[in-house]
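Colleague: Okay, handing you the structure first.
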Amino acid sequence: MAVTLREVAERAGVSRSAVSRTFTAGASVSAKTRAKVEKAARDLGYSPNALASSLTTGRTKLIGLVSNNFHNPIFLEVFDLFTRGLQDRGLRPLLVNLSHETDPAQSLQMLRQYSVDGVIVASSTLPPSFAEAFRDAGMPVVHSFGRYTTSPHVHVVGIDNIACGRMAAETLVARGYRRVAFLGGPETATSTQDRARGFVAALSAHPQVSVSLSYATAYSFDAGRVEMTRRLMENPAEAYFCGDDVLSVGALSAIAEAGLRVPDDIGVIGLNDMDMARWQNINLTTIRQPVAEIIGASIDLVIATIERPDRYPETRLFPCRVIERGTLRPVPAV
């Protein structure tokens, strides 16, 4: 049977309330009493009951982690970093898989049932209104990888997707491409919209460059492969900015299947710099999104908001940069 708080108190020669205070963050207890209680707990193999502790503190230490794109390999890294980051801070993630849902009602109900202390929405495709639903319900919330705005209604941590679109366009122009294209994820996704917007805006300064847009049905390998196959059957561009690395890998597969070579026949640049982008058989030139920094800042911000719920909403943006590999031709020599 599990060792009880009463047994620890008897072993340490202190009251049960002293044991409880010892294992309650911020509670007042003398150094001498703490040492006696901790030794007794070690001797008996006692671990405080987290659920019982939550009844005393009013905190469950649960953080709802809500996302909707489990098919994208980048989210293996995202979830690994989030879960380890939360656990390192003494918190526990409660994972919510949205699948194809865009209505926050069910997630909100679930997280209320578990009395989470805060919520992190980890998605680059959901609209701002999704995270705002948790704020309206009185939950501290951070939208990781959310849409940039100068006047956010909830905390947003991520990148400027419009700037990334511009970066991709300028990279292709610098390499002498004159027929370029954007192959994005779902057209309804905020990240797709912003990346396309920045791409087109940057190319408007280069009238000698023609541009076209197309959209895959999802941020997935299969969707990228299908859309690139369709484009190759028409009038393919010289180079493509795929709005996500996994789309890029699908596009590379379609290009190879068509008997074409990268970068000799067609160039490709992605976005994210997921781990497999560096694999030798992929070797994808891409725009690196600083995922670890975004996740660390998101965790810090949700903790700060739990401590001070009236904290004014802020946007924290992290810069991206091009990672040169082998799917674009080099910049022409001057």
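The values are calculated or read from the model by the stated rules, or taken from the named source; none is laboratory data. Note that the coordinates shown come from a computational prediction; the quantities given were computed from them, not determined experimentally. Heads up, the Cβs are rebuilt from the backbone with ideal geometry, glycines too, and the neighbour counts pull from every protein chain shown.
Colleague: Pairs under 7 Å by beta carbon, first residue closer than 16 Å to Ala35 by Cβ in segment 1-23, partner part of a loop (DSSP other than H, G, I, E, B), six or more apart or different chains?
Modeller: Once the first residue is closer than 16 Å to Ala35 by Cβ and sits in segment 1-23, its partners that are part of a loop (DSSP other than H, G, I, E, B) give Val8/Tyr46; Ala9/Ser15; Ala18/Val29; Arg21/Ala27; Arg21/Ser28; Arg21/Val29; Thr22/Val29; Phe23/Pro48.
Colleague: Identify all residues within segment 75-128 that are small (Gly, Ala, Ser), over 22 Å from Gly296 (Cα atoms) and either surrounded by 17 or more Cβ atoms within 10 Å (Cβ to Cβ) or in contact with a Leu (Cβ under 6 Å, 6 or more places away or on another chain) (or both); write none if there are none.
Modeller: Answer for segment 75-128, where residues must be small (Gly, Ala, Ser), over 22 Å from Gly296 (Cα atoms) and either surrounded by 17 or more Cβ atoms within 10 Å (Cβ to Cβ) or in contact with a Leu (Cβ under 6 Å, 6 or more places away or on another chain) (or both): just Ser107.
Colleague: Considering each residue of segment 228-245, count those that are farther than 21 Å from Ile287 by Cα, in contact (Cβ under 8 Å) with a residue 12 or more places away in the chain and either assigned by TED's automatic domain parsing to the domain that holds Ser124 or not basic (Lys, Arg) (or both), and give that number.
Modeller: Count: 3.
Colleague: Does Gly250 satisfy being small (Gly, Ala, Ser), modelled with pLDDT of 95 or more, assigned by TED's automatic domain parsing to the domain that holds Gly176 and crowded, with 20+ Cβ neighbours inside 10 Å?
Modeller: The answer is yes for Gly250.
A quick yes/no check of all residues on (1) in contact with a Gly (Cβ under 7 Å, 6 or more places away or on another chain); (2) of a type outside the set (Gly, Ala, Ser); (3) in the same structural domain as Met139 (by TED's automatic domain parsing):
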residue: Ala256; (1), (2), (3): no, no, no
residue: Val268; (1), (2), (3): no, yes, no
residue: Arg278; (1), (2), (3): no, yes, no
residue: Arg308; (1), (2), (3): no, yes, yes
residue: Thr315; (1), (2), (3): no, yes, yes
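Colleague: Within segment 192-207, is there a residue that is within 20 Å of the chain's Cα centre (by Cα), buried (at least 18 other Cβ atoms within 10 Å of the Cβ) and more than 16 Å from Ile287 (Cα to Cα)?
Modeller: Looking for residues that are within 20 Å of the chain's Cα centre (by Cα), buried (at least 18 other Cβ atoms within 10 Å of the Cβ) and more than 16 Å from Ile287 (Cα to Cα), one finds at least one in segment 192-207, hence yes.
Colleague: Can I ask one more? If you take just the helices (runs of 4 or more DSSP H) that sit entirely in segment 73-168, which of them hold at least 3 residues that are among the polar types (S, T, N, Q)?
Modeller: 105-113
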